[in-house]
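Below is one structure, written out as structure tokens, with a few remarks after it.
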Amino acid sequence: MTQTSEQGGRTRIERYDPASIEPRWQARWAELGLYRTDLHDRERPRFYLLTMYPYPSGDIHIGHWYIITPTDAIARFHRMHGENVFLPIGFDAFGLPAENAAIKNNINPRDWTMRNIDNMRRQLRSMGATFDWDSEVVTADPEYYRWNQWFFLQFLKAGLAYRTTSAVDWCPNDGTLAREQVEGVDRHCWRCGAKVEKRDLAQWYLKVTNYADELLDFSGLQWPEPIKTQQTNWIGRSEGAEVVFETASSPHHPGGSPLRVFTTRPDTLFGATFMVLAPEHPLVAELTAPDRLAEVGAYLAQAANRTEIDRLSTDREKTGVALGAEAINPVNGERIPIFVADYVLGSYGTGAIMAVPAHDERDYAFAEKFGLPIRRVVAAPGDEDRPLEGAYVAHAAGERLVDSGPYSGQAADEAGRAIVAELASRGAGKAAVTYRLRDWLVSRQRYWGAPIPVIYCDRDGIVPVPEEDLPVRLPDAVDYRGSGENPLGRDEAFLNVTCPRCGGPARRETDTMDTFVDSSWYWFRYLSPEKAGAPIERALVDEWTPVDQYTGGSEHAVMHLLYAREWTKMMRDIGLVAQDEPFKRLFNQGQILGLDGERMSKSRGNVVDPDDLVARYGADTIRLFLMFMGPWDQGGPWSPTGIGGVHRFLNRVWTLALDPHGSDPGDKDAGHLPEGQGAAEAEAALRSAAHRTLRGVTADYESFHFNTMVAKLMELSNTLFRYRGTEIAGGAAWNEAIRILLLTLAPAAPHITEELWSRARAARGETWSSIHTATWPDVDASAVVEATREVPVQVNGKLRDLVVVPTETSDAELERLVLAAPKVAAALAGRTPRRVVIAGGGRLVNLVVG
RNA sequence: GCCGGAGUGGCGGAACGGCAGACGCAGCCGACUUAAAAUCGGCAGCCCGCAAGGGCGUGAGGGUUCGACUCCCUCCUCCGGUACCA
């Protein structure tokens, strides 16, 4: 019941006090299990809404709210449309920050993490978010990571996991990194910022390159274009040819070793004047002439440290040394010198290139520096004899080959295909495709992760841990303080095992898994977090996934979002799921930055604590403010100015709902309808405003335009205020408008709307039912149309007048009315329009004169 | 360099090719108050003008169109990604 008190001679309603409303409803919703999803419900349409689970860094900061609030509003919006919405939450609980914080504070990472999770659970609840807590997943739980290990064993069996030694990116603090975890021009670690080095290590990989082509296919996915582009670029598919050059015989080498190169420009093969091997290329040692050994050896040593030495120069001068060997160009038999140079990467293509300086900028720079011949073999029409001033790489229409033996004069693209065909017929080459994408390196030399479940036995080699022995538990009492070695290797009890195959002494793998393994399948586990015997409940997975809508930041474009796709495909290939893709629709919200415009982080000291804000304004205000700030995909620096305006809006909603007849002494027109409006016109105008708002707001929720959604509701409340205290206040049209206002505001500001809704129902003598289970209202299209409308009139594209006409006005009549308007006549100054444009069904008139 | 995204009042930001600046913040004026806060109403892009009114305005310059913040071309600035990928 509305409580009122007499004060100063006028009626005053109880103040809007979120602190007394919000915890009460949160408790009630939890008690009623309002957001617990019945996953087995077959009646209603299912909607799986997923938001990227948080890393339990301790406090939830305003950035988490920025991600979660609109997601929660989407969930509520869908529920009000009769859908069975599943919105789970969990914690990405393994990872380096926990381990580092634990080291720093001398506390066990598990304790640190679990304490943080408790705090975050409390904070998430204080937002009024409708997570289904029964589905919670914590990845550091042995009952979760045992399935990481199980997956790993299945992938091993299927040939999708393998161990190999190669040069890996290595951070002195964090150990091995996947390639996408190395950032920036200076190649620093994504977590600690330290310089990343190269090391030769035996590590575990997942064979995700199997899926390169499939990953390029986004058909059927509603994903933001920029993410698709980023993944496409990351995968980096290049079409071209593989060409085999034989090595020439020389005093130190019998020759004949095939050197395979990848090129995207087979049409330039006649322009190859030298060849370059990457320092890591296996044939470097074999091909080096005895008198070149010292110099080549020195160069290789230097190249190994290159990333540290010259890291800052992007367009660094080319370096390299000749091996003293030659290769034979398969198309013309020409002998060309072989170099080793670090501008050729060992990890891309074949680790060797044919250098065509005339048509490649890097080769050109190298040739210039080492005085090697530069031979033009492609020319745009008329350029055949023009000397080159740099590499000619552009493609011009009508390009033809020159100086290319039998191919001279042919169109370049055609000649390229012909050359590949010729090479193929002689077994000296073939069309080929190369990718930039590498296999996923999952080994990590850290403590706080899922142990990789393999055992090394001197007799049996690599032995998988038997499935019945899973999980391989992470021991608690390990000295996890880093010193460059694997913490698990220091735990004798963990390390030493008997070989499951021969029973002899053996050692466990001491690496743990990349935490992106955890996040590559967590949304499947949400559906059956307690399930024993299998990682997923197949029946539920088939019904509920792929996820209908995923929300989260774009910083994971080529990390989590790519891994999750890869993992899903691997799961499919070992028969676990039927789907090809994990997430049907993806939305990337922007990132909220600190006041200083920098990323929020504890170390920068620019973290905004939502607890303080909630204490001051209440959760609804903060939720609404975050949605109102700007477009959700944009983010931006945090600025609290403006919270007051949103809080004021909620106060106004409160006042409108509880005190329609009240008035304020400051309002000169209090109690009077706007001039020229009778009660009927006023009600029609109010209904029109309410239904127009409903239509707009519904569309805004659907398209995630939350800022304009809030703006439209503010407009409606402003309109309502104009009628407050008048004869139509509290009437049918008024109540309908209030009802629409509360229902459409409910997903965004769930507490105040629940409170006002329940009071209104009580006042009408109805039993309680939650606004959040109410049905979304329908637009009454007939109410939207008003009797008259305003038509802007332009003369030569410039606005000259606004003419009010009846809504149903024919174009001819409209033209007549417009030309008769005095201001229009004045603007025309006696001229007769040469043309009258009536745009968009009479929305605007443009008179063209002169 | 390459690939994305973005440039609109003092600020955050609106605007199916059709009234640029909705909504809000900050600001100013007024009402209420002994007063202040809170609340309510109003003004408000810039320039000229007492006003009526006019001119100029969406990073810069061109173009298409009756009409361009919106589409096309060239360029500038900022943000994100990437880094010799042959």
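The values are calculated or read from the model by the stated rules, or taken from the named source; none is laboratory data. All values derive from a computational prediction rather than experimental measurement. Positions of Cβ are generated from backbone atoms using ideal geometry, with glycine treated the same way; all protein chains shown enter the neighbour counts. Heads up: the accessible areas ignore ligands, DNA and RNA and are worked out on the full protein's heavy atoms, side chains in. Shrake-Rupley method; radii C 1.70, N 1.55, O 1.52, S 1.80 Å.
A few points about this structure:
- Against the numbered list (1) in a helix (DSSP H, G or I); (2) of a type outside the set (A, V, I, L, M, F, W, C); (3) at pLDDT below 90, A:Thr698 comes up short only at (3).
- A:Ala301 vs. criteria open to solvent by 40 Å² or more (accessible area, probe 1.4 Å) and either hydroxyl-bearing (Ser, Thr, Tyr) or not assigned by TED's automatic domain parsing to the domain that holds A:Arg187 (or both): yes
- Extreme residue, nearest to the chain's Cα centre (by Cα), among residues of the range A:611-624 that are crowded, with 24+ Cβ neighbours inside 10 Å and within 13 Å of RNA strand B (Cβ to nearest atom): A:Leu624
- In the range A:40-68, the qualifying residues are those that are touching an Asp or Glu at 6+ places or on another chain (Cβ under 8 Å) and aliphatic (A, V, I, L, M), and the one that is modelled with the lowest pLDDT is A:Ile62.
- From the list A:Arg426, A:Arg438, the one residue that fits, being open to solvent by 10 Å² or more (accessible area, probe 1.4 Å) and within 29 Å of A:Glu180 (Cα to Cα), is A:Arg438.
- A search for C-beta distances below 7 Å between a residue of the range A:369-393 that is of a type in the set (Val, Ile, Thr) and any residue that is open to solvent by 60 Å² or more (accessible area, probe 1.4 Å), counting only pairs 6+ apart in sequence or on different chains, returns A:Val377/A:Asp403; A:Val393/A:Glu361.
- Qualifying residue in the range A:139-162 (condition: under 30 Å from A:Asp59 (Cβ atoms) and among the β-branched types (Val, Ile, Thr)): yes
- Here the range A:700-722 is the region considered, the condition is being open to solvent by less than 50 Å² (accessible area, probe 1.4 Å) and more than 10 Å from RNA strand B (Cβ to nearest atom), and the residue that is farthest from A:Gly676 (Cα to Cα) is A:Phe704.
For (1) of a type outside the set (S, T, N, Q); (2) open to solvent by 10 Å² or more (accessible area, probe 1.4 Å), each residue gets a yes or a no:
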{"position": "A:Ala493", "(1), (2)": "yes, yes"}
{"position": "A:Thr512", "(1), (2)": "no, no"}
{"position": "A:Ser519", "(1), (2)": "no, no"}
{"position": "A:Lys569", "(1), (2)": "yes, no"}
{"position": "A:Gln579", "(1), (2)": "no, yes"}
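- Lone unmet requirement of (1) near RNA strand B (Cβ under 6 Å from one of its atoms); (2) at pLDDT 90 or above; (3) part of a loop (DSSP other than H, G, I, E, B) for A:Gly644: (3)
- Against the list (1) within 11 Å of RNA strand B (Cβ to nearest atom); (2) within 30 Å of A:Gly409 (Cα to Cα); (3) open to solvent by 30 Å² or more (accessible area, probe 1.4 Å), the condition A:Phe262 fails is (3).
- Subset of the range A:371-388 (residues that are closer than 9 Å to A:Val402 by Cβ and touching a helix residue (DSSP H, G or I) at 6+ places or on another chain (Cβ under 6 Å)): A:Arg376, A:Val377, A:Val378
- When residues of the range A:679-699 are limited to those that are among the aliphatic types (A, V, I, L, M) and surrounded by fewer than 23 Cβ atoms within 10 Å (Cβ to Cβ), the one nearest to RNA strand B (Cβ to nearest atom): A:Ala699
- The single residue among A:Ala737, A:Ala783, A:Ala748 that is more than 30 Å from A:Leu34 (Cα to Cα), surrounded by 17 or more Cβ atoms within 10 Å (Cβ to Cβ) and more than 12 Å from RNA strand B (Cβ to nearest atom) turns out to be A:Ala783.
- Restricting the range A:224-258 to residues that are more than 8 Å from RNA strand B (Cβ to nearest atom), among the polar types (S, T, N, Q) and part of a strand (DSSP E or B), the residue that is surrounded by the most Cβ atoms within 10 Å (Cβ to Cβ): A:Thr247
- Checking each residue in the range A:75-118 for being in contact with a strand residue (DSSP E or B) (Cβ under 6 Å, 6 or more places away or on another chain) and farther than 20 Å from A:Asp518 by Cα picks out A:Ala75, A:His78, A:Arg79, A:Glu83, A:Asn84, A:Val85, A:Phe86.
- Across the range A:265-278, the number of residues qualifying as assigned to a loop (DSSP other than H, G, I, E, B) and within 11 Å of RNA strand B (Cβ to nearest atom) comes to 3.
- Candidates are the residues of the range A:752-807 that are of a type in the set (Lys, Arg) and within 45 Å of the chain's Cα centre (by Cα); the one that is nearest to A:Val653 (Cα to Cα) is A:Arg759.
- Residues of the range A:537-566 that turn out to be surrounded by 19 or more Cβ atoms within 10 Å (Cβ to Cβ), in a helix (DSSP H, G or I) and hydrophobic (A, V, I, L, M, F, W, C), as a count: 5
- The residue that is nearest to RNA strand B (Cβ to nearest atom), among those in the range A:436-456 that are modelled with pLDDT of 95 or more and farther than 20 Å from A:Ser520 by Cβ, is A:Tyr456.
- Per the listing A:Val340, A:Val321, the residue uniquely modelled with pLDDT of 90 or more, open to solvent by 10 Å² or more (accessible area, probe 1.4 Å) and within 16 Å of RNA strand B (Cβ to nearest atom) is A:Val321.
- Sole residue being charged (D, E, K, R) and within 30 Å of A:Gly590 (Cβ to Cβ), chosen from A:Glu702, A:Glu790, A:Glu727, A:Glu766: A:Glu702
- Of all residues making up the range A:201-223, the number that are in a strand (DSSP E or B) and out of contact with any helix residue (DSSP H, G or I) (no Cβ under 9 Å at 6 or more places or on another chain): 5
- For the criterion of being open to solvent by 10 Å² or more (accessible area, probe 1.4 Å) and on the phi > 0 side of the Ramachandran plot, A:Gly730 passes.
- Note on the range A:403-423: among residues that are aliphatic (A, V, I, L, M) and free of Cβ contacts under 8 Å to residues at least 60 places away in the same chain, the one that is most open to solvent (accessible area, probe 1.4 Å) is A:Ala421.
- Residue count for the range A:161-200, restricted to those that are assigned to a loop (DSSP other than H, G, I, E, B) and open to solvent by less than 10 Å² (accessible area, probe 1.4 Å): 3
Every residue, every condition in (1) in contact with a strand residue (DSSP E or B) (Cβ under 9 Å, 6 or more places away or on another chain); (2) in contact (Cβ under 8 Å) with a residue 12 or more places away in the chain, yes or no:
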{"site": "A:Lys569", "(1), (2)": "no, yes"}
{"site": "A:Gln589", "(1), (2)": "yes, yes"}
{"site": "A:Met629", "(1), (2)": "yes, yes"}
{"site": "A:Thr641", "(1), (2)": "no, no"}
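- Answer residue from the range A:591-610, given it is aliphatic (A, V, I, L, M) and part of a loop (DSSP other than H, G, I, E, B) and is most open to solvent (accessible area, probe 1.4 Å) among those: A:Leu595
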